[in-house]
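Student: Below you will find the structure I want to go over with you.
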Amino acid sequence: MLDKDISFWESVIFVDESQFNIFGSDGRIGVRIKPNEELNPKNLLPTVEHGGGGIMVCGCFAASGMENLVSLKIIWTNISILKENLKISAPKLGIQNTFKLYQDNDPKHTALNVRLCLLYNCPKVIMTPPYSSDLNPIENMWHELEKRTRKHDIFSKKQLKAVLTEEWNKIEHSYTKKISETMLKRIKSVISAKGYPTKY
């Protein structure tokens, strides 16, 4: 992939899934307060349904912009969601006839039913080493989405889903283009790191 230029990566749809929790991974929120102000209403938080929780989402983007963010009940085994996302997203991104799909080579992405789905709906799939998250720029999108989502007060899964969708769709084209153009640098960095983490 070192021989691919920017134009190659402009026609790639990057896809993956991620878990988002209402209060982060450990369910705790820190609040700095002055002595004797523990019960001040501004320092109290509403009760969160079912102790918090979270949702799993699948999203995709290309250099030309963001596309569908859908919630998943079963990671990557819902073939209908995968097919519909590809069918809808490629034309809207302007790369219907030339697009290639980028997904990390995680075992759940290489199950037989997923491979067959991709064979008939996306013949051009870029294969990468498993568990190489540094290579997939969608990880940057998840980080950006997390950062934007945390600016909202969220107390239910319904609210979380709505905010995730809203903020996902607001990520700018300039950002998706910039992230897509880092692919060559990412590949070189991962090779140089010899399996160790990189700045990406």
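What follows is calculated from the coordinates using simple rules that are stated; it is not laboratory data. Source: prediction; values computed, not measured. Positions of Cβ are generated from backbone atoms using ideal geometry, with glycine treated the same way; all protein chains shown enter the neighbour counts.
Student: Return the FRET efficiency for the residue pair ASP3, GLN96: r is the Cβ-Cβ distance, R0 is 22 Å, and the value is rounded to the nearest 0.05.
Tutor: 0.35
Student: For the pair ALA162 and THR182, what calculated FRET efficiency results from E = 1/(1 + (r/R0)^6), where r is the Cβ-Cβ distance and R0 = 30 Å, to the nearest 0.05?
Tutor: In this case the efficiency is close to 0.50.
Student: Sort 169-179, 5-15 for me by packing, meaning the mean count of neighbouring Cβ atoms within 10 Å per residue, highest on top.
Tutor: Ranked by mean Cβ neighbours within 10 Å, highest first: 5-15, 169-179.
Student: Quick one: length gained pulling SER174 to MET56 fully straight, 0.36 nm per residue minus the C-alpha distance?
Tutor: Values: separation 118, 0.36 × 118 = 42.48 nm, distance 2.62 nm.
Length gained between SER174 and MET56: 39.9 nm.
Student: Which net charge results when you count Lys and Arg as +1 and Asp and Glu as -1 among the other residues whose beta-carbon is under 10 Å from that of HIS152?
Tutor: Charge balance near HIS152 sits at 0.
Student: Which net charge results for the neighbourhood of ILE187, defined as the other residues with beta-carbon distances under 11 angstrom from its beta-carbon, given Lys and Arg at +1 and Asp and Glu at -1?
Tutor: Value of the local net charge: +2.
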